[in-house]
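The values are calculated or read from the model by the stated rules, or taken from the named source; none is laboratory data. Since we're looking at a predicted model, the values are computed, not measured. We place every Cβ from the backbone using ideal geometry, glycine too, and count neighbours over all the protein chains shown.
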Amino acid sequence: MATMPAATRKPQHDLPLQDSRALMRDHFTEHSGTKYNEGWAKLWEAGDFLPWDRMVPSPALTDTLDNHAYVVGTSKLVLPDGTTRRKRALVPGCGRGVDVMLLQAYGYDVVGLEYASKALEACETYAEETESEDLYTAKDDTIGKGSRKFVQGDFYADDWLERAGLGEHGKEGIFELIYDYTFFCAMQPSMCPAWAKRMSTLLTPNPQANLICLEFPTTKPANGGGPPFSSPSKAYMEHLSHPGEDVPYNDEGEVRMQPFAESGPGALERVGHWQPADTHTIGKHADGTVADYISVWRHR
Ligand SMILES: C[S@@+](CC[C@H](N)C(=O)[O-])C[C@H]1O[C@@H](n2cnc3c(N)ncnc32)[C@H](O)[C@@H]1O
């Protein structure tokens, strides 16, 4: 049974939310456009201000794997000849790698992708420590643990696929599970069309293959800047229905729904949408109720 990491690992977010969000906004105002990836790398290099880093896997992912398998399936992929293999999973912008460790414990062969080299060092340390403490043991002994690889690279480039040992699979349709937690909201709004296109390209066109998005922050005003940028359900819907295309926003920076527009090439279809039973505190309303959503997407 997969267990949670030791309580001694405490996230370093003692700043009030408004202060921490202002610091993030200021940092990325200085690192916008072509300097954006370096902006993330610099935060990891300094290591003293990582306000998104919860140090434990997202409870919403555990809830999804445990209680929504009727939508997302299991780590087992059934091939046309009836044989099976483990699904390949990707966690883009995996940070410290906590969700990578969880998916591995559930039997997936997981790639954790990070642009920041220091984040990858943090992943290896975290993996080593938690394994020596016997955390993240196999969720189901009959399935066992999958493999894991932490890889440096830019989500939008292809070179990391080779480093992940996936070169033989080409450049498209490689992963049967992609988990996005605080990666979409880490993108500047101008990057969202490319984010959707890349997700569509990397996800295997197979009904057993799913992109799982933990939608966060769903209640932040659109004009509040970021990261994290406002990410209501309609933003995921419009971008993933029109991968690579410009999506209309109103003057307040809110996505405009186009319910009657044809889907674009490579569009993903939303096959599940719910509020998880639990999520990190940051994804809850002041009264403790969950504000986040889970959405699950597939090729048509
Ligand atoms: C908000 S953090 C979330 C990290 C992790 N998902 C978590 O919840 O702890 C976003 C992460 O994405 C990484 N990142 C940003 N842009 C990236 C890119 N283009 N390719 C790969 N990683 C990227 C950053 O270095 C950062 O660690």
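Quick notes
- Members of the range 127-163 that are in contact with a strand residue (DSSP E or B) (Cβ under 9 Å, 6 or more places away or on another chain), of a type in the set (A, V, I, L, M) and surrounded by fewer than 19 Cβ atoms within 10 Å (Cβ to Cβ): I143
- The condition of being modelled with pLDDT under 95 and surrounded by 14 or more Cβ atoms within 10 Å (Cβ to Cβ) holds for only one of G272, G283, G244, G253, that being G253.
- Filtering G39, G33 for residues that are within 14 Å of the ligand (Cβ to nearest atom), over 21 Å from I178 (Cβ atoms) and at pLDDT below 95 leaves a single hit, G33.
- Output for the range 139-160, where each listed residue is within 13 Å of the ligand (Cβ to nearest atom), of a type outside the set (D, E) and outside any strand (DSSP E or B): G153, F155, Y156, A157, W160
- Restricting the range 166-194 to residues that are surrounded by fewer than 18 Cβ atoms within 10 Å (Cβ to Cβ) and among the small types (G, A, S), the residue that is nearest to the ligand (Cβ to nearest atom) is A194.
- Meets criteria (within 25 Å of E172 (Cα to Cα), surrounded by 14 or more Cβ atoms within 10 Å (Cβ to Cβ), touching a residue at least 60 places away in the same chain (Cβ under 8 Å) and away from the ligand (no atom under 16 Å from the Cβ)) for G73: yes
- Filtering the range 210-233 for residues that are assigned to a loop (DSSP other than H, G, I, E, B), touching a Pro at 6+ places or on another chain (Cβ under 9 Å) and over 30 Å from Q18 (Cβ atoms) leaves an empty set.
- Close pairs from the range 277-300: first without any contact (Cβ under 8 Å) to a residue 24 or more places away in the chain and within 17 Å of W52 (Cα to Cα), partner part of a loop (DSSP other than H, G, I, E, B) and not charged (D, E, K, R), Cβ under 9 Å, at least 6 apart: T281/G288; K284/A291
- Residue match in the range 30-43 (condition: under 14 Å from the mean Cα position of the chain (by Cα) and at negative phi): no
- Test for D53: is it acidic (D, E) and within 13 Å of the ligand (Cβ to nearest atom): yes
- Here the condition is being among the aliphatic types (A, V, I, L, M) and either without any contact (Cβ under 8 Å) to a residue 60 or more places away in the chain or more than 16 Å from the ligand (Cβ to nearest atom) (or both); of A89, A105, it holds for A105 alone.
- Counting only helices (runs of 4 or more DSSP H) that sit wholly inside the range 47-128, those with at least 1 residues that are of a type outside the set (S, T, Y), modelled with pLDDT of 95 or more and touching an Asp or Glu at 6+ places or on another chain (Cβ under 7 Å) are 59-67.
For every residue, the table says whether it meets (1) in contact (Cβ under 8 Å) with a residue 40 or more places away in the chain; (2) touching a Phe, Trp or Tyr at 6+ places or on another chain (Cβ under 9 Å).
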| residue | (1), (2) |
| --- | --- |
| P221 | no, no |
| S233 | yes, yes |
| Y236 | yes, yes |
| L240 | yes, yes |
| E245 | yes, no |
| Y249 | yes, no |
| E254 | no, no |
| S263 | no, no |
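- Residue under evaluation L43, criteria (1) under 25 Å from A89 (Cα atoms); (2) in contact (Cβ under 8 Å) with a residue 60 or more places away in the chain; (3) of a type in the set (A, V, I, L, M), criterion not met: (1)
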